[in-house]
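Okay, so here's the structure we're looking at.
Read the figures in this text as sums done on the coordinates, not as results from a lab. Remember, it's a predicted structure, so these values are computed and weren't measured experimentally. Neighbour counts are summed over all protein chains in view; Cβ atoms, including those assigned to glycine, are modelled from backbone coordinates with ideal geometry.
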Amino acid sequence: MTVRLVHLLVGVATVLVFLGTGLYMRLGFPELYEGNETIRYLFRANHVYLLFSGLVNILLGVYRQASETRWKSLLQSAGSWILVFSPALFLAAFVFEPPQASPMRPVTLLAVFLTFFGVVAHMIGGLSKRIRSGKNA
């Protein structure tokens with residue numbers, strides 16, 4: 001199984017989970033937040049983060065191209081595994097953090113940072129000599 005296929009499968013699965021969490025919220029609100037708007041917004045934010053991480057994985061599943069330079073390829077691989085893992089953290093954050101109604105959301109923060117670093121790893125790994133020199137690819 002290629003890394004692109006893993007990204008695509010994780011991305012599609014995450015978007016399906018996003019749809020499921022949306023249905024869960026549709027059927028469970030207002031009981032889920034019991035009138036506390038903070039909890040409601042935390043659920044919604046983490047719900048959108050799931051979509052965000054799924055779409056990032058889908059894009060990599062469709063467009064990822066490994067660099068020919070070894071260190072860049074390794075950097076992309078590290079970024080890929082970080083990005084494949086981040087939807088699971090966003091799902092855990094969706095399940096466990098909103099009911100606490102706390103501004104301290106360590107799982108969400110970790111997932112956002114990991115997604116950021118995964119994307120940056122791919123960005124650095126995907127830069128080619130032509131792009132850096134200003135020539136069109």
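Exactly which GluC sites (Glu not before Pro) in segment 30-128 are in a DSSP loop and have at most 14 other Cβ atoms within 10 Å?
Of the GluC sites (Glu not before Pro), the ones in loops of segment 30-128 whose Cβ has at most 14 other Cβ atoms within 10 Å are Glu31, Glu34, Glu68.
Going by alpha carbons, how many degrees (0 to 90, nearest 10) lie between the helix axis of 3-28 and the longest principal axis of the chain?
Roughly 20 degrees between the two axes.
What's the angle, to the nearest 10 degrees (0 to 90), between helix 70-96's Cα axis and the longest principal axis of the chain?
10
With axes computed from alpha carbons, what is the tilt in degrees of helix 37-63 against the longest principal axis of the chain, rounded to the nearest 10 within 0 to 90?
20
With Cβ to Cβ distances under 14 Å as the rule, what net charge do the other residues near Asn36 carry (K, R +1; D, E -1)?
-2
Of Met104, Val12, Ala88, which is farthest on the positive side of the dipole of segment 3-133, counting Cα position, with +1 on Lys and Arg Cβ, -1 on Asp and Glu Cβ, and the Cα centre as origin?
Of the listed residues, the answer is Val12.
Given the convex hull over the Cα atoms of the chain, what projected area results after averaging over all orientations, in nm²? Please list the in-between numbers first.
Working: hull surface 37.4 nm².
With every direction weighted equally, the projected area is 9.4 nm².
Place a +1 charge on the Cβ of each Lys and Arg in the chain and a -1 charge on the Cβ of each Asp and Glu, then give the dipole magnitude about the Cα centre in debye, rounded to the nearest 20.
For this selection, approximately 880 debye.
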